[in-house]
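Student: If you scroll down you'll find the structure; I have some questions about it.
What follows is calculated from the coordinates using simple rules that are stated; it is not laboratory data. Only a predicted model underlies this, so the values are computations on that prediction, with no experimental measurement involved. Please note: Cβ atoms are built from the backbone with ideal geometry, for glycine as well, and neighbour counts cover all protein chains shown.
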Amino acid sequence: MINLSGSIAGVHFKNPLVMASGTFGFGKEYAQYYDISVLGGIAGKGLTLHPKSGNEGLRVFETPSGMLNSVGLENPGIKHFLENEAGFWEGLDLARIVNLGGDHIDEYIEGALLINQDSRIREAKGLKAVDIIELNISCPNVKEGGLAYGIKTEKAREVVREVRAVTSIPLVIKLSPNAEDLVSMAVMCEEEGADGVSLINTISAMKIDVYKRKSVFRNLYAGLSGPAIKPIALRMVHQVASRVNIPVIGVGGITSATDVIEFIMAGASLVQIGTYNFVNIHAGEELLSGITEFMNNEGIQTLDEIRGII
Amino acid sequence: MAEIMSNIQVSPGVFRIKISGKYEGRIGQFYMLRGSRIDPLLSRPLSIFDLKDHYIEFLYQVVGEGTHLFASLKRGDSLNLVGPLGNGFPDIEGRTALVGGGIGIAPLYFAAKQLRDTDIYLGFREEACLVTDFNSISSNVRIKVGGSILDEVVFEDYDHILVCGPTGMLKAAKQKQVEQDYHGNVYVSVENKMACGIGACLVCSVKGPEGTKRACVEGPVFLAKEVDLDD
Ligand SMILES: Cc1cc2nc3c(=O)[nH]c(=O)nc-3n(C[C@H](O)[C@H](O)[C@H](O)COP(=O)(O)OP(=O)(O)OC[C@H]3O[C@@H](n4cnc5c(N)ncnc54)[C@H](O)[C@@H]3O)c2cc1C
Ligand SMILES: Cc1cc2nc3c(=O)[nH]c(=O)nc-3n(C[C@H](O)[C@H](O)[C@H](O)COP(=O)(O)O)c2cc1C
């Protein structure tokens, strides 16, 4: 019998497939197309303390084997999520990850507090909607000039430490490939008591309209995702996984079962699927059967046999 | 995967593709189509041109890589499609003007076949297409090549105006409603770039006085006054 399961801080994942934040809504849309409870987990759309209407102007541009997005964290806010979406999550038999963003450190803390408090209230009724908080530190630090928290290790340390202090919910830090020193960033997360790291978020990138002589995006830069970034993501996951002892979630450009296996071989405990959901509406269930088939063919029983073998 | 029954060029750079299978859809709804596994990456949104019990048809203009790839497909080849998506035009009663500019005529054929009491206005920049097809389903088809077809539409004669075409045309319709203080409904079908097509990714959001809406779910058809139209 093939066993695909894994865990992070005691949270069970029936398989390594987790849908990436911002690409899967809160799961309802894709649930119309397949039974999403076959998945290991889902990370919801990035939430901030207050609702955000997102960026103005064009928000997407296709590139060779990839796409740029400039959604700007459009989201209904944490309260709205807890009141209107979390109920749907209670009924899901998979690991449920809230992705938490913020424009400054106080927003992260207050957001984490709200989620923590909500979890307590649900727990008292024997319910649960959130298994893990994934902290998105790629957000611009509005107070300090807009440079993302995820660039400098010591700036990020403040956020991780403060959020860790206010929540007992397992905490995963989502790392940005734009970090000055990604390995030191991951080591810092481990030092500060994070239960895991996920990487990579989108790569800061650009597209110019040569006729209009300006960037196609009002924000100048946008985030690159999709197969184009996979080789970079894989290298980064490999580097980080060989330096930390907490679980690493590999993210970036996965579009096939063998892509998933590559990340596992590079040392990832789990993987996240983002852009591929747009390409193949049945991505989750098809990747799952692909992995199972690969393991059968290769005579592999558990992912532990191949994890981090490179 | 669905099998292509035919894929015919109906005017320079404009193709009509017929895909076999049983499909659903309302007027103004669309499908996401793709002919590649990965490259080009995103699926392309196309409006329902026509629908029968054993096939669906789309009318598309070749503009870039994705539609170029569609144009190369032959009878017997296959395509992937997801749909029907979007809200489509609401169920309406009363006199209706269907106004299409360029490839924006695509959803109007299906609409004209189903709505009663409609007049059809089709505008083209250089060369008209599918004129015979439209004439075969309606006796009230007005065609204009060059210039603005919107100028031909007397808004006051109608309860509803449905406009589908380039953003400039949608903006002009919105403006005309304001200028003429027209109290009927002006509906526009927006063409925003999309990724997931089902409301999960928020890249196609449209802003308006009541906040942001997803073109792929709450749209692509909106009341003109509900949305800010920018290029
Ligand atoms: C709801 C809806 C219905 C549509 N119905 C039709 C139709 O019936 N017939 C038709 O010919 N065209 C229609 N379009 C426009 C059509 O989707 C684009 O022309 C097509 O995606 C261009 O792809 P490409 O690869 O040839 O061009 P490229 O420019 O190479 O495409 C690059 C990217 O931009 C996107 N894109 C480019 N132009 C448009 C556009 N005008 N609208 C939306 N996305 C765009 C593509 O989808 C792709 O992601 C519709 C668009 C929408 C949103
Ligand atoms: C449209 C879009 C929205 C995204 N929104 C978020 C978000 O809100 N929070 C976050 O941490 N990551 C977000 N991401 C990043 C993805 O979760 C993922 O890290 C990245 O896209 C790389 O994976 P992929 O190549 O499989 O898409 C978003 C990505 C896309 C394409």
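Student: Once you list every other residue whose beta carbon is under 13 Å from the beta carbon of B:Ala195, what net charge do they have if Lys and Arg are +1 and Asp and Glu are -1?
Tutor: Local charge sum for B:Ala195: +3.
Student: First select every other residue whose beta carbon is under 11 angstrom from the beta carbon of A:Leu4; then total the charges, Lys and Arg +1, Asp and Glu -1.
Tutor: Combined, the nearby Lys, Arg, Asp and Glu give 0.
Student: Ignoring the sites themselves, what is the longest stretch of chain B with no GluC sites (Glu not before Pro) in a DSSP loop and at most 13 other beta-carbon atoms within 10 Å?
Tutor: The longest such stretch corresponds to B:128-209.
Student: Under a Cβ-only charge scheme (Lys and Arg +1, Asp and Glu -1), can you give me the dipole magnitude of the protein assembly as shown about the Cα centre, in debye to the nearest 20?
Tutor: Computed charge dipole of the protein assembly as shown: roughly 600 debye.
Student: While we're on this one: In region A:82-154, which trypsin sites (Lys or Arg not before Pro) are in a loop and have at most 15 other Cβ atoms within 10 Å, using DSSP for the loop call?
Tutor: Answer in residue order: A:Lys125, A:Lys128.
Student: Need the list of aspartates and glutamates near B:Lys113 for cross-linking: C-alpha distance under 16 angstrom, and skip anything on the same chain fewer than eight residues off.
Tutor: Within reach: B:Glu24, B:Asp50, B:Asp53, B:Glu57, B:Asp91, B:Glu93, B:Asp133.
Student: Please check: in the Gaussian network model of chain B (C-alpha springs, under 10 Å), which one of B:Gln177, B:Gln114, B:Gln29 has the largest mean-square fluctuation.
Tutor: Comparing B:Gln177, B:Gln114, B:Gln29 in a Gaussian network model of chain B, the most mobile one is B:Gln114.
Student: Pull out a ≥ b ≥ c, the square roots of the eigenvalues of the alpha-carbon gyration tensor of region A:160-310, then state rounded if a/c is under 1.5, prolate if not and a/b is larger than b/c, and oblate in the remaining case.
Tutor: oblate
Student: While we're on this one: In which sequence would A:Ile281, A:Ile105, A:Ile310 go, from the one with the fewest C-beta neighbours within 10 Å to the one with the most?
Tutor: Listed from fewest to most nearby Cβ atoms, that is A:Ile310, A:Ile105, A:Ile281.
Student: Also, quick follow-up: Name the shape class, rounded, prolate or oblate, that the alpha-carbon gyration tensor gives for region B:2-85, where a ≥ b ≥ c are the square roots of its eigenvalues, rounded holds for a/c under 1.5, and otherwise prolate holds if a/b is larger than b/c and oblate otherwise.
Tutor: It comes out rounded by the Cα gyration axes.
Student: Calculate, axis by axis, the spread of Cα positions in region B:43-184 along the three principal axes, and write the results as whole Å, longest axis first.
Tutor: For region B:43-184, the Cα spread along each principal axis is 50, 31, 28 Å.
Student: What is the Rg over Rh value, at two decimals, for region A:48-184, using alpha-carbon atoms and the Kirkwood definition of Rh?
Tutor: 0.99
Student: Here is a follow-up. Aspartates and glutamates within cross-link reach of A:Lys155: Cα-Cα under 20 Å, excluding same-chain residues under 8 positions apart?
Tutor: A:Asp103, A:Asp106, A:Glu107, A:Glu110, A:Glu134, A:Glu144, A:Glu180, A:Asp181, A:Glu190, A:Glu191, A:Glu192, A:Asp195
Student: Can you tell me the dipole magnitude for chain A around its Cα centre, using point charges on the Cβ only (Lys, Arg +1; Asp, Glu -1), in Debye to the nearest 20?
Tutor: Magnitude of the dipole: close to 720 debye.
Student: Scan region A:207-310 for trypsin sites (Lys or Arg not before Pro) in coil per DSSP, keeping those whose Cβ has at most 10 other Cβ atoms within 10 Å, and list them by number.
Tutor: Here the sparse-neighbourhood loop sites are A:Lys212, A:Arg213.
Student: Along the positive direction of the dipole of the protein assembly as shown (beta-carbon charges: Lys, Arg +1; Asp, Glu -1; about the Cα centre), which of A:Met67, B:Phe89, A:Gly10 reaches farthest?
Tutor: Going by the Cα projections, it comes out as A:Met67.
Student: Related question: Using DSSP, restrict attention to beta bridges with both residues in the protein assembly as shown and report what percent are antiparallel, rounded to the nearest 5.
Tutor: 50
Student: Using only Cα atoms, what Kirkwood radius does chain A have, in angstroms?
Tutor: Across chain A, the inverse of the average 1/r is 19.4 Å.
Student: If I build a Gaussian network model for chain B, linking alpha-carbon pairs within less than 10 angstrom, which residue out of B:Cys201, B:Cys216, B:Cys164 has the largest mean-square fluctuation?
Tutor: Result: B:Cys201 has the largest fluctuation of those listed.
Student: Please state the relative contact order of chain B as a whole percent: Cα pairs under 8 Å, 6+ residues apart?
Tutor: 18
Student: I need to check one value: relative contact order of region B:2-85, counting alpha carbon pairs closer than 8 Å and at least 6 residues apart, in percent.
Tutor: 40
Student: Which three numbers, in whole Å and largest first, are the semi-axes of the equivalent ellipsoid of region B:101-231 derived from its Cα gyration tensor as √(5λ)?
Tutor: That gives 25, 18, 14 Å for the three semi-axes.
Student: While we're looking at this one, here's another question. Which pairs, out of A:Lys152/B:Lys207; A:Lys212/B:Lys176; B:Lys74/B:Lys193; A:Lys212/B:Lys193, put more than 24 Å between their alpha-carbon atoms?
Tutor: A:Lys152/B:Lys207; A:Lys212/B:Lys176; B:Lys74/B:Lys193
Student: So, with +1 on the Cβ of K and R and -1 on the Cβ of D and E, and no other charges, what is the size of the charge dipole of region A:16-103 about its Cα centre, to the nearest 20 debye?
Tutor: Charge dipole of region A:16-103: 120 debye, to the nearest 20.
Student: A follow-up question, please. With the radius of gyration and the Kirkwood radius both derived from the Cα set of the protein assembly as shown, what is their ratio Rg to Rh?
Tutor: Ratio of gyration radius to Kirkwood radius: 1.01.
Student: Normalised by the number of residues in region A:125-247, what is the relative contact order in percent for Cα pairs under 8 Å and 6+ residues apart?
Tutor: Reported relative contact order: 22 percent.
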